[in-house]
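Structure in C-alpha cells, see below.
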C-alpha cells in the first residue's frame, strides 16, 4: 500500500476518534478508548459507528453537532479520495 494512503488512514483514524469523542461528550454517553496504536485501522469503523449511533442525541442537545459531523466526514472523504486518486495515478504510470 502506498505510504501516502497509510498516512491519510492514520490521519482519518485520529479525526474519527476526535469526532467520536466530541459527539459522545455532547450526547452524554461514554467516550470510546483511544486507538491502541496510530495504525489501529480496524478501529476507524468503530469510531464512525459510535458517531452514527449518538449523532441524533448530540444534535438534539447542540444543533451544531450535526454540522460539525457533516463537515468532518466530508473533509475525511475528500482526503481519502485525494490519496486514493493520487495513489492510482502514481501506480498507473509504472
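Sorting check: for 62-73, 9-20, 30-41, which peptide has the highest mean count of neighbouring beta carbons within 10 Å, and how do the rest follow?
Taking the mean over residues of other Cβ atoms within 10 Å, the ranking is 9-20, 62-73, 30-41.
Still on this structure: Does region 3-92 classify as rounded, prolate or oblate by the C-alpha gyration tensor (a ≥ b ≥ c root eigenvalues; a/c under 1.5 gives rounded; else a/b over b/c gives prolate, otherwise oblate)?
Note, shape of region 3-92 comes out oblate.
At 222 nm, what value in deg cm²/dmol follows for the chain if DSSP H runs of at least 4 each add -39500 (n - 2.57) and the sum is divided by all its residues, to the nearest 500?
-27500 deg cm²/dmol
Quote the FRET efficiency, to the nearest 0.05, computed for residue 11 versus residue 81 with a Förster distance R0 of 22 Å and r equal to the Cβ-Cβ distance.
0.95
Every read-out reported here was derived from the displayed coordinates using simple, explicitly stated rules and does not represent laboratory data. Keep in mind it's a predicted model, so treat the numbers as computed, not measured. Cβ sites come from the backbone with ideal geometry, for glycine too, and all protein chains shown count toward neighbours.
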